[in-house]
Amino acid sequence: MVKVRIPAPLRPKADGQTEVTVNADHVDEAIHDLVSEYPDLQENLLDEDGELQRFVNFFVNGTNISELSGTETKVNDEDTLLVLPAVAGGDSTSHRNGGEDSGSLTPDELRFYGRHLILPDVGQEGQERLKRSSALVIGAGGLGSPTLLYLAAAGVGRIGIVDPDTVNASNLHRQILYGYDDEGKKKVHAAKQRLEALNPHITVEAHDARFTSENALDLVERYDVVIDGTDNFPARYLANDASVLAGKPNVHASIFRFEGQASVFWPDNEGPCYRCLYPQPPPPGLVPSCAEGGVLGVLPGTLGVLQATEAIKILLGTGTPLTGRLVLYNARDGSFDQVDIEANPDCPVCGDDPSLTELIDYEAFCGLDQHDEALNGNEVDVETLARRQNDEGLVLLDVREDWEREIVRIGDSLHVPLADLPDRVSELPVDKDIVVYCKMGGRSAKAVEFLQSVGLDAYNLAGGVDAWSEEIEEEQPAY
């Protein structure tokens with residue numbers, strides 16, 4: 001039997017089916033069997049002479065039949081035939097509403113949500129459900145920005161935002177909630193202003209604070225769904241554990257350079273949690289952050305929109321959430337892959353006999369406290385460097401790339417990119433203390449480890465040039 005996938009515009013003419021099976025050896029047989037079973041499809045698929053309409057395409061296992069043998073293309077059992085008609089999409093200036101009875105929606109809301117109200121899986125009942133629902137977005141950065149915009153536009157009635165940071169110009173290429181006029185403002189307040197301007201029918205609650213073990217459960221329990229837009233492992237494990245303990249779905253995404261992942265961690269819906277997938281965090285410094293490794297500006301938009309979509313589906317109670325599945329996106333080749341993930345019965349948070357029943361110290365769990373302790377005596381803060389900067393017995397080493405150094409640097413430092421360090425270590429003085437810096441401290445920590453292994457007195461600058469610009473030379477540009 002050949003599987004025929006029916007696209008959304010044609011499903012009303014196929015009894016709402018998304019996929020049907022037909023018994024056929026060639027594409028033309030499959031199409032005629034399909035039309036025989038669902039006669040209303042004929043005008044969409046075949047012209048008056050029984051030939052294929054020019055505004056519809058057919059794909060066998062992902063390949064257009066025009067590149068194969070046309071309608072004579074042979075099909076086998078378990079092959080998939082995709083019907084792909086032209087879709088108008090876009091938008092127009094006309095408005096429809098959901099009928100005379102406004103329910104809990106005001107006339108302005110009926111006009112605002114017109115495209116939802118005519119959508120069978122939403123309608124007025126679904127829109128009112130969204131209006132009564134709530135979502136907590138942890139992190140108003142690259143992932144949080146598109147997620148928040150679409151949650152607000154969709155009409156999620158109450159949206160909470162947790163973030164302690166301020167807007168920086170280096171955020172703007174990917175954090176589309178903000179503009180240059182917002183630089184220096186608290187993210188949660190700038191976001192609240194932007195979202196309420198987009199949709200005045202919702203309530204936005206700004207939580208200007210770090211997401212910590214002390215406030216996490218109180219925050220999570222106030223909302224129907226949690227969206228994890230965090231950018232570090234302690235916060236990610238905290239978001240997971242708080243969501244599990246509170247029984248809330250956790251819509252997850254993570255990004256790096258050109259790739260991203262997304263899933264819904266929801267043990268109460270028979271799915272796994274984040275710890276089931278990653279029982280332990282990687283050692284500190286092993287996995288660079290986006291600030292260290294970079295990220296394509298549009299990538300968080302793609303993943304953030306996926307998060308918003310999953311959250312809205314959950315709040316509407318429609319469709320199939322990504323519970324038990326991990327979507328993998330590669331922007332370089334435009335590919336989406338998917339892998340199945342299962343709940344771990346031995347998981348310490350959501351397993352059969354959980355041992356973790358309250359929130360813990362997540363900095364310590366992720367090894368950051370131990371890491372700091374291990375670096376004791378091998379790390380200096382920016383205040384110490386400022387006092388010793390002119391010491392003759394100290395030299396500064398910048399291990400960033402050339403383009404980064406063009407933006408900002410600390411004093412008259414030597415420059416050897418991290419990748420070149422093993423080949424150029426002989427250029428460094430053996431009789432001086434070497435303070436190594438990068439953007440935030442990750443690359444310089446690796447450099448220090450190498451330099452110490454060859455017998456040099458090397459020290460890592462905690463927080464890197466970012467901390468220097470923030471605490472010592474505030475007029476220095478950030479990136």
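The values are calculated or read from the model by the stated rules, or taken from the named source; none is laboratory data. Predicted model, so just to flag it, every value in this text is computed and none were measured. Don't worry about glycine lacking a Cβ; one is built from the backbone with ideal geometry, like all the others, and counts go over all protein chains shown.
A compact table of results
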| quantity | calculated |
| --- | --- |
| Some residue of segment 11-20 being assigned to a loop (DSSP other than H, G, I, E, B), farther than 25 Å from GLY319 by Cβ and at pLDDT 90 or above | no |
| Any hit, segment 96-106, residues being hydroxyl-bearing (Ser, Thr, Tyr) and at pLDDT below 85 | yes |
| Residues (charged (D, E, K, R) and out of contact with any Lys or Arg (no Cβ under 9 Å at 6 or more places or on another chain)) located in segment 16-42 | ASP28, GLU29, ASP33, GLU37 |
| Residue that is surrounded by the most Cβ atoms within 10 Å (Cβ to Cβ), among those in segment 424-479 that are over 21 Å from ASN390 (Cβ atoms) and acidic (Asp, Glu) | ASP466 |
| Tally of residues being closer than 30 Å to GLY123 by Cβ and in contact (Cβ under 8 Å) with a residue 24 or more places away in the chain across segment 314-332 | 12 |
| Considering residues of segment 357-370 that are surrounded by 15 or more Cβ atoms within 10 Å (Cβ to Cβ) and more than 15 Å from ASN240 (Cβ to Cβ) only, the residue modelled with the lowest pLDDT | LEU368 |
| Residue selected from segment 317-356 under the condition surrounded by fewer than 16 Cβ atoms within 10 Å (Cβ to Cβ) and among the hydroxyl-bearing types (Ser, Thr, Tyr), by the criterion nearest to ASP268 (Cα to Cα) | THR320 |
| Pick from segment 35-55, criterion assigned to a helix (DSSP H, G or I) and of a type in the set (S, T, N, Q), ranking: farthest from VAL22 (Cα to Cα) | ASN44 |
| Pairs where the first residue, in segment 193-212, is within 16 Å of ASP182 (Cα to Cα) and the second is in a loop (DSSP other than H, G, I, E, B), C-beta under 6 Å, 6+ apart | ARG194/LEU177 |
| Tabulated pairs, segment 4-26, first on the phi > 0 side of the Ramachandran plot, second surrounded by 14 or more Cβ atoms within 10 Å (Cβ to Cβ) and among the hydroxyl-bearing types (Ser, Thr, Tyr), C-beta under 8 angstrom, 6+ apart or interchain | ASP15/TYR38 |
| In segment 153-204, the residues that are of a type outside the set (Val, Ile, Thr), surrounded by 19 or more Cβ atoms within 10 Å (Cβ to Cβ) and assigned to a strand (DSSP E or B) | GLY160 |
| Test set (1) at pLDDT 95 or above; (2) surrounded by 19 or more Cβ atoms within 10 Å (Cβ to Cβ); (3) under 20 Å from the mean Cα position of the chain (by Cα) - ASP224 fails condition number | (2) |
| Helices (runs of 4 or more DSSP H) lying entirely in segment 379-479 (those with 3 or more residues that are of a type outside the set (A, V, I, L, M) and over 24 Å from HIS173 (Cα atoms)) | 382-388, 421-424, 442-453 |
